[in-house]
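S.K.: Let me begin by handing over the structure; questions about it come next.
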Amino acid sequence: MGSGYVLVTGATSGIGEALARILLTAGVPVVACGRNRKQLDSIIKFGKGIAIPYLYDLMDTGCLERHFATFLQAHNVEIRGFVHCAGVYPIVPIRMMSDADAHKVMDVNLFSAMALLSAMMKKRVNHGMLESVVMVSSTSSIRGTQGM
């Protein structure tokens with residue numbers, strides 16, 4: 001990949017945090033997206049790469065595309081890679097899952113990624129820099145388990 005940043009969602013815990021730290025150790029510039037300010041601050045000081053925090057709760061998909069586009073332009077950042085690690089997974093049988101829980105899952109796991117991609121695909125925002133996209137999922141997409 002050429003110059004530019006890698007956007008990592010879910011960068012404040014789990015796979016997203018581990019990936020952000022690995023990229024920064026390798027000197028790769030990262031935009032670390034998460035909803036925990038303290039954890040984001042810890043990530044951006046890690047390794048030898050440049051890290052820019054993007055504090056945002058991906059459950060709020062309504063204005064995400066516009067907000068992220070404004071963020072990129074304000075920081076003069078271009079995204080070349082996108083790894084969507086953010087995800088929620090309530091452990092509850094589907095018959096007991098509320099509509100609100102189901103919407104939360106779809107907003108964070110799918111619709112937020114679509115909004116971010118939509119912003120990055122705009123030439124005036126990201127200048128055609130996006131080269132690769134990775135969407136992380138769980139083994140539950142292949143084989144479910146009780147309560148999930």
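The values are calculated or read from the model by the stated rules, or taken from the named source; none is laboratory data. On a predicted model such as this, the values are computed, not experimentally measured, just so you know. Quick reminder, even Gly has a Cβ in these numbers, built from the backbone with ideal geometry, and neighbours come from all protein chains shown. The area values use the complete protein model at the heavy-atom level, side chains included, leaving out ligands, DNA and RNA. Shrake-Rupley method; radii C 1.70, N 1.55, O 1.52, S 1.80 Å.
S.K.: Contact list please: Cβ distance under 7 Å, first residue in the stretch 57-78 and closer than 14 Å to Met129 by Cα, second residue of a type in the set (Lys, Arg) and open to solvent by 40 Å² or more (accessible area, probe 1.4 Å), pairs at least six apart or on different chains.
M.R.: Matching pairs, first to second residue: Ala69/Lys122.
S.K.: I need every pair where a residue in the stretch 131-148 that is under 17 Å from Gly14 (Cα atoms) has its Cβ under 6 Å from the Cβ of a residue that is modelled with pLDDT of 95 or more and open to solvent by less than 50 Å² (accessible area, probe 1.4 Å), sequence separation at least 6 or different chains.
M.R.: Val134/Val83; Met135/His84; Val136/Cys85
S.K.: Out of the residues in the stretch 90-107 that are hydrophobic (A, V, I, L, M, F, W, C) and in contact (Cβ under 8 Å) with a residue 24 or more places away in the chain, which is surrounded by the fewest Cβ atoms within 10 Å (Cβ to Cβ)? Walk me through it before giving the result.
M.R.: Step one: of the stretch 90-107, the residues hydrophobic (A, V, I, L, M, F, W, C) are 91-92, 94, 96-97, 100, 102, 105-106.
Checking the rest, the ones that are also in contact (Cβ under 8 Å) with a residue 24 or more places away in the chain come to 91-92.
Working: Ile91: 8, Val92: 12.
Restricting to residues being hydrophobic (A, V, I, L, M, F, W, C) and in contact (Cβ under 8 Å) with a residue 24 or more places away in the chain, the top hit is Ile91.
S.K.: Gly87: within 19 Å of the chain's Cα centre (by Cα), at pLDDT below 95, closer than 16 Å to Leu116 by Cα and surrounded by 13 or more Cβ atoms within 10 Å (Cβ to Cβ), yes or no? First the steps, then the outcome.
M.R.: Numbers: within 19 Å of the chain's Cα centre (by Cα): yes; at pLDDT below 95: yes; closer than 16 Å to Leu116 by Cα: yes; surrounded by 13 or more Cβ atoms within 10 Å (Cβ to Cβ): yes.
For Gly87, the condition - within 19 Å of the chain's Cα centre (by Cα), at pLDDT below 95, closer than 16 Å to Leu116 by Cα and surrounded by 13 or more Cβ atoms within 10 Å (Cβ to Cβ) - is met.
S.K.: Could you run through the stretch 108-132 and say how many residues are open to solvent by 70 Å² or more (accessible area, probe 1.4 Å) and touching a Leu at 6+ places or on another chain (Cβ under 8 Å)?
M.R.: 1
S.K.: To continue, here is another question. So which of Gly27, Gly4, Gly14 is within 22 Å of Ser132 (Cβ to Cβ) and surrounded by 14 or more Cβ atoms within 10 Å (Cβ to Cβ)?
M.R.: Values: Gly27 fails: surrounded by 14 or more Cβ atoms within 10 Å (Cβ to Cβ); Gly14 fails: surrounded by 14 or more Cβ atoms within 10 Å (Cβ to Cβ).
After applying the criteria, what remains is Gly4.
S.K.: Additional query: Collect the residues in the stretch 43-80 that are more than 19 Å from Ser13 (Cα to Cα), among the small types (Gly, Ala, Ser) and crowded, with 19+ Cβ neighbours inside 10 Å, keeping them in residue-number order.
M.R.: Hit for the stretch 43-80 is Ala69, nothing else.
S.K.: If you don't mind, there's one more thing I want to ask. Select from the stretch 1-56 the residues that are in a strand (DSSP E or B) and of a type outside the set (Gly, Ala, Ser) and list them in ascending order. Please lay out each step first, then the result.
M.R.: Narrowing the stretch 1-56 to residues in a strand (DSSP E or B): 5-9, 30-34, 51-55.
Scanning the stretch 1-56 gives Tyr5, Val6, Leu7, Val8, Thr9, Val30, Val31, Cys33, Ile52, Pro53, Tyr54, Leu55.
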